[in-house]
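The structure under discussion appears below in the form of structure tokens.
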Amino acid sequence: MRRLRMGMIGGGPGAFIGPVHRIAAELDREIELVAGVFSSDAGRSRAAGEAYRIDPDRAYPSLDAMLAAETARGDGIDFVSVVSPNHNHLPSARAALAAGIAVMTDKPLTATLAEAHELSGLVAAAGLPFGVTYTYSGYPLVREARARVAAGALGSVRKVVVEYPQGWLAGAAEGKQAEWRVDPARAGLGGCIGDIGVHAFQLAEFITGLRVERLFADLGAVVPGRLLDDDCTVLLRFDNGARGVLLASQIEVGELNGLRIRVYGDQGGLVWKQEVPNSLTLHTLDGRTEVVHAGGPQLGFDAASRTRTPTGHPEGYLEAFANLYRDFAALLRGEAAPLLPGIADGLRGMAFIATAVEASRAEAGWVSLSV
């Protein structure tokens, strides 16, 4: 079975997420990065190609050049991975789909909800595999949590609390990674809500299997002069009547990447923390507590099939990312990958961002969330 060939859009010198995608995609040796347009600057794209150790002739100066050359090759790329800032997601995906090439894109799906609807139509018309890297749905114990909830281990879900605190934007936004995230022209409609809040939203729906029907949003730009939100509080109401709260912030000094979710039903509860990702805590109504470990024999298929090491040998962020690429490789080969987030998940995330931003600005109170 040959390795699938990946082209990357973005991920040039100084980028954080580009090397992460490359490492994750290649971890299981099902995919190989062979080409890319890594920067809008031809020299920087060439330099990135050298760093990634690909054929210099396949480090392209533009997206059009890459698509034209790769579709003409007998060994051209099988898909592109879009890892550029949000405003580039739609044009990059649009061009790839038009060229008959499948797409994996970073989240959020696009910069605006209107763009997300356009892309959804393009994906449907193209009929090609499409994935969105909501990273945390790739963690084995997140998938175990989803399976336990679906099996009724918690009973009927009553309450969901999902928190995503960071502190790295508590001061001035300095450096490449910070600057574009606080720039509406590149980040789009949302700041913190689009960068990490949408991760929390997707995680809540992914684990519970429920959909948010209504929300009450309070988003703020706390740092003086900032144009996009950096602190978010959103109350949630799910389609089964369960209540929830989503807290996302990038101005909480001392916090690193503290994503945590708690789900409570009428028969039990669960807790998962991204900074301690290899354990899942389950509580029962009679007072018992069970801690499930990654790699352990008690895991179901969804978690066990995406765990690479025995219990006590930690797996984390890169491996979770790799699980999404493994799922995407399965799609490209015509197999099923039901847990891989796709265009519908990306569109729903953009609807959440847009609804929360607009409701908060208008102080609209409770509003409906629909796609």
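Please name all residue pairs, on different chains or six or more residues apart, with Cβ atoms under 6 Å, provided the first residue is in region 271-283 and is closer than 17 Å to GLY300 by Cβ and the second residue is in a strand (DSSP E or B) and β-branched (Val, Ile, Thr).
Pairs that qualify, where the first residue is closer than 17 Å to GLY300 by Cβ and the partner is in a strand (DSSP E or B) and β-branched (Val, Ile, Thr), are TRP272/ILE261; SER279/VAL291; LEU280/VAL292; THR281/VAL271; THR281/VAL291.
In this structure, is ARG237 modelled with pLDDT of 95 or more, among the basic types (Lys, Arg) and assigned to a strand (DSSP E or B)?
When the stated conditions are applied, ARG237 passes them.
Could you say which residue among SER81, SER137 is at pLDDT 95 or above, of a type in the set (Gly, Ala, Ser) and within 30 Å of LEU285 (Cβ to Cβ)?
From the options SER81, SER137, the qualifying one is SER137.
Would you confirm whether any residue within region 116-128 is at pLDDT 95 or above and within 25 Å of LEU247 (Cα to Cα)? First the steps, then the outcome.
First pass over region 116-128, keeping only residues at pLDDT 95 or above: 116-128.
Remaining after also requiring within 25 Å of LEU247 (Cα to Cα): 116.
Yes, the conditions are met somewhere in region 116-128.
So which pairs qualify, if the first residue must be in region 224-249 and surrounded by fewer than 21 Cβ atoms within 10 Å (Cβ to Cβ), the second must be modelled with pLDDT under 95 and outside any strand (DSSP E or B), the Cβ gap must be under 7 Å, and the two must be at least 6 apart or on different chains?
none
Which residue, of THR289, THR284, THR355, is touching a His at 6+ places or on another chain (Cβ under 7 Å), assigned by TED's automatic domain parsing to the domain that holds ASP230 and either among the basic types (Lys, Arg) or at pLDDT 95 or above (or both)?
Details: THR284 fails: touching a His at 6+ places or on another chain (Cβ under 7 Å); THR355 fails: touching a His at 6+ places or on another chain (Cβ under 7 Å).
Only one candidate qualifies: THR289.
Let me confirm something: among ASP302, ASP266, which residue is under 20 Å from LEU203 (Cβ atoms), acidic (Asp, Glu) and modelled with pLDDT of 95 or more?
So the residue among ASP302, ASP266 that is under 20 Å from LEU203 (Cβ atoms), acidic (Asp, Glu) and modelled with pLDDT of 95 or more is ASP302.
Return yes or no: is ALA204 more than 13 Å from PHE352 (Cβ to Cβ) and either surrounded by fewer than 24 Cβ atoms within 10 Å (Cβ to Cβ) or assigned by TED's automatic domain parsing to the domain that holds LEU236 (or both)?
Considered against the rule, which asks whether it is more than 13 Å from PHE352 (Cβ to Cβ) and either surrounded by fewer than 24 Cβ atoms within 10 Å (Cβ to Cβ) or assigned by TED's automatic domain parsing to the domain that holds LEU236 (or both), ALA204 comes out as no.
What's the number of the only condition in (1) under 15 Å from ARG181 (Cβ atoms); (2) charged (D, E, K, R); (3) under 18 Å from the mean Cα position of the chain (by Cα) that ASP229 fails to meet?
The number of the failed condition is (3).
For a quick check of your reading: which helices (runs of 4 or more DSSP H) sit entirely within region 1-84 and have at least 3 residues that are more than 24 Å from the chain's Cα centre (by Cα) and without any contact (Cβ under 8 Å) to a residue 60 or more places away in the chain?
Counting at least 3 such residues, we get 42-52, 63-72.
Starting from region 89-107, take each residue that is without any contact (Cβ under 8 Å) to a residue 40 or more places away in the chain and list its partners that are of a type in the set (Asp, Glu) and not in a loop (DSSP other than H, G, I, E, B), counting only C-beta distances under 9 angstrom and pairs at least six apart or across chains.
HIS89/ASP106; HIS89/GLU115; LEU90/GLU115; LEU90/GLU118; ARG94/GLU118; ALA95/ASP64; ALA99/GLU70
The values are calculated or read from the model by the stated rules, or taken from the named source; none is laboratory data. Please read these numbers as outputs of a predicted model, since none were measured by experiment. Methodologically, a virtual Cβ is constructed for each residue, glycine included, from the backbone with ideal geometry; neighbour enumeration extends over all protein chains shown.
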